[in-house]
1. From the residues in the stretch 186-211 that are under 21 Å from the mean Cα position of the chain (by Cα) and among the aliphatic types (A, V, I, L, M), which one is surrounded by the most Cβ atoms within 10 Å (Cβ to Cβ)?
2. Evaluate the following for E177: is it in contact (Cβ under 8 Å) with a residue 60 or more places away in the chain and assigned to a strand (DSSP E or B)?
3. With the requirement that a residue be farther than 20 Å from E299 by Cβ, at pLDDT 90 or above and hydrophobic (A, V, I, L, M, F, W, C), what does the stretch 348-370 give you?
4. Please work out which residue is surrounded by the most Cβ atoms within 10 Å (Cβ to Cβ), limiting yourself to the stretch 302-333 and to residues that are modelled with pLDDT under 90 and assigned to a strand (DSSP E or B).
5. On the given criteria, is S183 modelled with pLDDT of 95 or more, surrounded by fewer than 20 Cβ atoms within 10 Å (Cβ to Cβ) and closer than 17 Å to N81 by Cβ?
6. Evaluate the following for K280: is it surrounded by 13 or more Cβ atoms within 10 Å (Cβ to Cβ), of a type outside the set (S, T, Y) and out of contact with any Gly (no Cβ under 9 Å at 6 or more places or on another chain)?
7. Tell me which of these E299 doesn't satisfy, since it passes every other one: (1) over 30 Å from V348 (Cα atoms); (2) outside the structural domain of G59 (by TED's automatic domain parsing).
8. Kindly list, by first and then second residue, each pair from a residue in the stretch 337-354 that is assigned to a strand (DSSP E or B) to a residue that is among the basic types (K, R) and surrounded by 14 or more Cβ atoms within 10 Å (Cβ to Cβ), limited to pairs with Cβ atoms under 6 Å and residues at least 6 apart or on different chains.
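The values are calculated or read from the model by the stated rules, or taken from the named source; none is laboratory data. Everything numeric here is computed off the predicted structure, so don't read it as measured data. Heads up, the Cβs are rebuilt from the backbone with ideal geometry, glycines too, and the neighbour counts pull from every protein chain shown.
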Amino acid sequence: MKRFKRKQYGPLAILGLSLLLTACSSDNEDANLAKEVVRPVKLITIGSTEAINIRRFPGELKASQDADLALRVGGQLIKLNVVDGQRVKKGELLAELDPTDFKLEVELAQANQDLAKAQFDRTQIMLKRNATSKSQFDEAKATLAQADNALESAKNQLKYTKLYAPFDGVISSTSTENFQYVSATQTLMHIQDLDNLEVEFQVPESLVVSIKSAQNHYQPKVLVDVAPDAVYQGAYKEHKTMPDQSTMAYDVTLSLIREGAKQHTLLPGMTANVDMDLSKLLGVTKHIVVPVEAVVQTEDPNTGEAQSTVWVYQADNQTVTKKAVELGALKGSMIEIRSGLEPGEQIVAAGVDGLTAAMKVRPWTRERGL
């Protein structure tokens, strides 16, 4: 039977093998450690540049157009075609007087005009034949002009026996009954345009000039008490330049914009509130400020000129990218950023040294107790 001899290894061989195994193990651990380490950085989120300073002003809704309606002549009403709350169209007949006497006046004026015209024609022929004087011709001419005016006036008086709606609207109230006798200019009814409402409120003298200068673009929010779930906008229409003597404030009128809001029945006299952002009204903006440590001075690779940059955090892949910014005024430990950053972006506020493009980082959070 053949016997196998056990092979003997020297001490040096064993030591070399041990060192080799140790080196391999150390390299693997270092590689794994380098792969797992992600640098923590302190982040800040860029806020909105819009300054907000809301002030509420009480107001009241009113119709964009309203009018007391009356006839220009007096007489007996024979038609009253509307009732309170009735919608009417522009040009619609609302009321009418008995036209009998006015028609007679037109007939009489027409007869006088016919007579005056005939006399004028005869006088004109006679003048050409030298059968009458120039003064008699002038008198006939003046008489005809008076007759023409009288006829035109009689016809107008007949027209004035009818009352028409001056615009589309709602008859808010009537103040007379049919078949009553009414006098000229006596108010018969009131009409309002309820499709185009306005809100009227007062502002102090310190704001009235700013409202005028911002009239073309700024539209404050309007809230109406009876419609708490609806938010309307108000467009500048006008303002008074004389203050209210009791409050020493100035009346401002906004046109109510109802598109896009929930539909509610709104009427003149309802209470409203105007929420005005004084920052927008006065043109005040809030600047972006960041810690001075967040800004890094680098060289523009294209021009070679110095530029200010910050590191922007990309949340989707947890890396950072360099972004050029324009600096403003220094404010203590903070510095103003005039351009280059957008609201919502996150930048590295501390730990910028050693950062490189596309480097993996993680947001640093303060541990509890530190």
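1. V199
2. So E177 does not fit the description; no.
3. A349, V361
4. G328
5. no
6. yes
7. Answer for E299: the failing condition is (1).
8. Close Cβ pairs (under 6 Å, with a partner that is among the basic types (K, R) and surrounded by 14 or more Cβ atoms within 10 Å (Cβ to Cβ)) amount to A349/K42; A350/K42.
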